[in-house]
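Visitor: Next up is a structure, given as structure tokens.
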Amino acid sequence: MEEQPKVGPTALGKLILFLFVLACIAGAAYYFRDMLAPGGRDGSAQVNMDEFKKVEAPDTKGITTVSEYKYVPGEKLPPVKGVSAYKWSATEKVVNFPINVWIGWLPIVAANGGFSPSADSIFAKKYGFKVNLKLIDDPVVARDAFAAGESHVLWGTLDMMVLFAPDLMKDSRSAPRIFQQVDWSSGGDGIVVRGNIASVADLKGKTVVYAQNSPSQYFINNLLLNAGVQPSTVKHKFTATAFEAAAAFVADKSIDACVSWAPDIYNIPEKVKGTRVLTTTAEANKLIADVWAARADFAKDHPEVIKGLVAGIFDGMDRLADATQREKAYQWMAEGYGMQADEVRAMAQDAHSTNFAENKAFFLNANDPANFERSWKNVTFVYRELGLIDTPVRFDEVMDFSALQELDKAGSFAHQKDESRASFAATSYKKISAESPILTQTIRINFYPNSANVFEPQHDESGKAIANTLYDPSVAATLEKVARLVGQYERAVVAVVGHTDSSMKGKGTRFEDVKALSSDRAEAVKQALVKKYNFDPNKFSVEGKGWDEPANPDDPMNQALNRRVEVSVYPPESK
Amino acid sequence: MTTAAPAPAGGPAPPRPGPPASAHTGFLRIREELPAWKAWLLGLLPVLALLALWVFVTTGTAEERVISPTILPSPAEVVASFPLLWFDRALTRNLAVSFWRVVEGFALGVLISFPLGVLMGAFTKVKGAFTPLTVFGAYLPIPTLVPLTLSLFGTGELQKVMFLALAFSIYMVPLFVAAVDAVDDTYLKTAYTLGASKGQAVGRVLLPISWPEIWQAMRLGFGVGWSYILLAEMVDVGRGLGGIIITSQRRGPREHIYLVLVIIVLVAFVTDKLWAAVGRFLFPYREAKR
């Protein structure tokens, strides 16, 4: 028998070799795991809370209540290049204006006399063109139709525009130009919670479900940031639409809160035991702005049509003042949406139409606490901190108030007065603090010892004030942060509570004096806000707590934390 | 590339006239034998043509292009956004998540549709009972079932797998039925002559003969999951390729939408080749039949 000389490893050897190679591959894969399967970047980024207030340079002199922008929009808007790429017939003159299911479009429906282009519409009769309102409820489809030039107009909330703008501006022709605010969401969006969540701060460690990249995402994360809760400490569950968020919340008991729309936010607490509304845009009534944008190339070629659209929508608001016209508009809207008139009427409270005066405040008043610039910057801040946008678009690259300014000069809508300002009756802190606040924002202003002046200057060694200096240089930015929150919660009442440290406790200082000082400081914050941002003084109630409530009960001697002012937002008293 | 061809039905065919001479001449020849490399090359041509068209409509500055970059970015832009997708959006992890969901949904779908399909193929009464349901299923707009699965299975992994399983089942039951249906009556008759029982007729004749077709049905069916992954991942978006697409539609970059589409196509291509290879290994005689 011939023995074949054995060449190569034995079966066992082969197995070992195979396992060795496998182990090497696995080891290499593990070593390079961050390269091969990176963890990605998502909403878990840590937000620098101090940055929240520093979204604009401090402005110490702004004392006037109305300060209009001085520049011409055309100087800041990106120029339009190339040949216009939208579909347009010079004889037909029909503007394609998609809208979603939202009561805020009632004025344009009223002005247009229904959805289809009509020779009897205000647009045709007064301004010489027709409007084709199309129901495109999916914002992605609406955006794509806009980008493709199929529609001339894009509907959206300001926060959606922040997300859409960078991509749309890759082509200067489809850059969005925002000309008009149609409404403020006013009860249409809201947050429903389960169990014993009383305030936004209680959401820490809990699970929240909402539609990603939608007003819901802005709403909840803005609240979390304002309440000092790191968004990464909350478990976020995402759905594609608000409708699914509500369904998920009802179906899954492990979810503690959902952000959704009317009517779901009101139906859920009625139908599901143990749930309640935490807050809605009925209180945060200047947080979510509905606007429309036109393609830059269209706006450049047809400024008269843009002006007509803006004016026609204001005309529609005038028309709605009449009860019979309003009923007609409900009927038209119901037909356009394929709904019942009753269903449309039931949505009437979801939004507050913004008339000419309110648009002027939004676009032109640089001091308005909830104006376009501040809203845009606030959205940009929230989304950038969440890692959702990289290179944000500046507000003045999309905001175009040229049509508004022309209408202002002509005085066409001088009769429309600002109706969005809530009026308040003076209330005591004791009365409003009986309920728990929706959220509490803690701010720190470095007061000069024993002084209650927020704008206290620095002092030299002899104790003399140094002109043009500030003891707390960031005070304007701090106030700006409060003003934005208070401005967003225009209809809510706000408690300003001052606290002092306890460094002089038991050293002969009387508590009454400390309490008075903390109360004076809270009052000073209130006065500063009222003066610069023109808030109703009765919106605020002021309280001084002295050293009674340390910031952290487990660390009562942390005096730097203890010297603070807490700004709490309370739901308006039910009427 | 092979596709399912229905087994020839009926008895012996009448003698056919031979093919005309023209059938085997010229550029296009009927049932021509083609070397593998030629088939590959031919398959590559339309892909290249499509790519050339893509380049053509997306050349120049944003305003000069036939199709605006806000709708369709150029191939170069799509490729350039790959690192962002790979690192910032964790492509591999999301791909793995989606792939696993498809596998789970598929397994569950087969578990439901295979016995049903075989029983329907074998027994006319079962077929009669379930045919209306499968017909409804084929016409059903599946997206409308998302909220239903949501309330039944919650928002987690279970809902996604169940939704995919449902979609798989609806698609595969008719294919399984057809596979069993296609078994020639001669085989059954022969089995009966040899004294086969009812169970033997199903287990030893219908099933074994239809295995290759059933395999083929599963191969086709597996691809369907990828077309539904977007719907399945609409809830609890965040992980998975569907989530990447939904997010990119809302806040960009547009490039990632097309990149994910390309990746899904590549994955589909590789898995399909795997199915075919395993099929050749399991049923070598199927190829020989040709």
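Visitor: Would you mind computing Rg(Cα) / (2.2 N^0.38 Å) for the protein assembly as shown, counting N as its residues?
Guide: On the way: Rg = 33.8 Å, N = 865, 2.2 N^0.38 = 28.7 Å.
In units of the globular-protein estimate, the protein assembly as shown measures up at 1.18.
Visitor: I need the peptides A:75-87, A:456-468 ranked by packing, meaning the mean over residues of other C-beta atoms within 10 angstrom, with the highest value on top.
Guide: So the peptides A:75-87, A:456-468, ranked by packing, come out A:75-87, A:456-468.
Visitor: Under a point spin-label approximation (7 Å from Cα along Cα-to-Cβ), what is the residue A:548-residue A:33 distance to one decimal in nm?
Guide: Here the modelled spin labels are 5.4 nm apart.
Visitor: Which of B:102, A:85, A:366 sits closest to the plus end of the dipole of the protein assembly as shown, meaning its Cα is farthest towards the positive end, when Lys and Arg get +1 and Asp and Glu get -1 on the C-beta?
Guide: B:102
Visitor: Can I ask one more? Label-point separation (nm) for residue B:59 and residue A:459, each offset 7 Å from Cα along Cα-to-Cβ?
Guide: So the label points at residue B:59 and residue A:459 sit 7.6 nm apart.
Visitor: Keeping all protein chains in the complex and leaving out DNA, RNA and ligands, what accessible area do you get for residue B:218 with a 1.4 Å probe, in Å² to the nearest 10?
Guide: Near enough 30 Å² of accessible area.
Visitor: Between residue B:37 and residue B:280, what is the label-to-label distance in nm when each label sits 7 Å out along the Cα-to-Cβ direction?
Guide: In this crude label model, residue B:37 to residue B:280 measures out at 1.7 nm.
Visitor: Let me ask another. Net charge near residue A:339, counting Lys/Arg +1 and Asp/Glu -1 over other residues with Cβ under 13 Å of its Cβ?
Guide: Result for the local shell: -3.
Visitor: Given the rule -39500 (n - 2.57) for each run of at least 4 DSSP H residues, summed and divided by the residues of chain A, what is its mean residue ellipticity at 222 nm, to the nearest 500 deg cm²/dmol?
Guide: That comes out to -10500 deg cm²/dmol.
Visitor: How big is the gap, in Å, between the Cα center of the range B:149-197 and the Cα center of the range A:146-191?
Guide: 47
Visitor: Let me ask something else. Can you list which of the DSSP-assigned H helices in chain A have a Cα extent of 24 Å or more along the long axis and an average Kyte-Doolittle score of at least 0.5?
Guide: Result, helices passing both filters: A:11-31, A:303-320.
Visitor: In debye to the nearest 20, how big a dipole does the protein assembly as shown give about its Cα centre with +1 on each Lys and Arg Cβ and -1 on each Asp and Glu Cβ?
Guide: 1820
Visitor: A follow-up question, please. Excluding residues fewer than 8 places away in the same chain, name every one of the aspartates and glutamates whose C-alpha is closer than 19 Å to that of residue A:87.
Guide: A:144, A:150, A:171, A:297, A:301, A:304, B:63, B:64
Visitor: If you line up the long axis of helix B:91-122 against the longest principal axis of chain B, both from Cα atoms, how many degrees apart are they, to the nearest 10?
Guide: 20
Visitor: Checking the cross-link filter: which lysines have an alpha carbon closer than 29 Å to that of residue A:545, excluding same-chain neighbours under 8 positions apart?
Guide: A:53, A:54, A:204, A:430, A:431, A:481, A:505, A:507, A:515, A:526, A:531, A:532
Visitor: Using a Gaussian network model of chain B with C-alpha springs under 10 Å, which one of B:63, B:157, B:77 is most mobile by mean-square fluctuation?
Guide: B:63
Visitor: Taking the highest mean first, how do the peptides A:353-361, A:283-291 order by number of other beta carbon atoms within 10 angstrom per residue?
Guide: Those peptides, ordered most packed to least, come out A:283-291, A:353-361.
Visitor: In peptide B:58-65, how many Cβ atoms from other protein chains are near each Cβ within 10 Å, on average?
Guide: Across the residues of B:58-65, the mean count of other-chain Cβ atoms within 10 Å is 4.
Visitor: How charged is the neighbourhood of residue B:98? Take every other residue with its Cβ under 9 Å from the Cβ of residue B:98, and add Lys/Arg as +1 and Asp/Glu as -1.
Guide: +1
Visitor: Build a GNM of chain B with springs between Cα atoms under 10 Å: which of B:250, B:101, B:16 gets the top mean-square fluctuation?
Guide: Judging by the Gaussian network model, the answer is B:16.
Visitor: If the only charges are +1 at each Lys and Arg Cβ and -1 at each Asp and Glu Cβ, what is the size of the charge dipole of the range A:83-209 around the Cα centre, to the nearest 20 debye?
Guide: With Lys and Arg at +1 and Asp and Glu at -1, about 220 debye.
Visitor: If you place +1 on the Cβ of every Lys and Arg, -1 on the Cβ of every Asp and Glu, and leave all else neutral, what size is the dipole of chain B about its Cα centre, to the nearest 20 Debye? Can you show the working numbers first?
Guide: Numbers: 24 positive and 17 negative charges, 133 e Å.
Using only the charged Cβ atoms, the result is roughly 640 debye.
Visitor: Nearest 10 degrees, 0 to 90: what angle lies between the long axis of helix B:254-282 and the longest principal axis of chain B (Cα atoms)?
Guide: For B:254-282 against chain B, the angle is about 20 degrees.
Visitor: How many angstrom lie between the C-alpha centres of the range A:507-575 and the range A:423-437?
Guide: Going from one Cα centre to the other spans 14 Å.
Visitor: Which value, in Å² and to the nearest 10, is the accessible area of residue B:30 when all protein chains are kept and the probe is 1.4 Å?
Guide: Accessible surface of residue B:30 is approximately 110 Å².
Visitor: Here is a follow-up. Calculate the mean, over all residues of peptide B:190-201, of how many other protein chain Cβ atoms lie within 10 angstrom of the residue's Cβ.
Guide: That works out to 0 on average.
Visitor: Which residues' amide hydrogens lie under 5 Å from the amide hydrogen of residue A:134, considering only partners 5 or more residues apart or on another chain, with H built in the peptide plane?
Guide: A:97, A:99
Visitor: For the range B:80-288, what number of Lys pairs, 8 or more residues apart or on separate chains, have alpha-carbon atoms under 28 Å from each other?
Guide: Close lysine pairs under the 28 Å cut-off: 6.
Visitor: Within a Cβ distance under 12 Å of residue A:179, other residues only, what is the Lys/Arg minus Asp/Glu net charge?
Guide: Neighbourhood net charge equals +1.
Visitor: Taking springs between alpha-carbon atoms closer than 10 angstrom, which of B:127, B:198, B:273 fluctuates most in the Gaussian network model of chain B?
Guide: B:198
Visitor: Something else now. Residue separation times 0.36 nm, minus the C-alpha to C-alpha distance between residue A:511 and residue A:425: what's the value? Display every interim value, and only then the final one.
Guide: Values: separation 86, 0.36 × 86 = 30.96 nm, distance 3.04 nm.
Length gained between residue A:511 and residue A:425: 27.9 nm.
Visitor: Heads up, I need the accessible area for residue B:152: 1.4 angstrom probe, whole protein in place, Å², nearest 10.
Guide: Accessible surface of residue B:152 is approximately 120 Å².
Visitor: Something else: Mind checking which aspartates and glutamates have their Cα closer than 14 Å to the Cα of residue A:307? Skip sequence neighbours fewer than 8 apart in that chain.
Guide: Filter leaves A:315, A:400, A:406, A:408.
Visitor: With n ≥ 4 as the cut-off for DSSP H runs, can you work out [θ] at 222 nm for chain B, using -39500 (n - 2.57) per run divided by the number of residues, rounded to the nearest 500?
Guide: That comes out to -22500 deg cm²/dmol.
The values are calculated or read from the model by the stated rules, or taken from the named source; none is laboratory data. Model, not experiment: these values are computed from the prediction. Neighbour counts are summed over all protein chains in view; Cβ atoms, including those assigned to glycine, are modelled from backbone coordinates with ideal geometry. Side chains included, ligands, DNA and RNA excluded: accessible areas come from the protein's heavy atoms. Shrake-Rupley method; radii C 1.70, N 1.55, O 1.52, S 1.80 Å.
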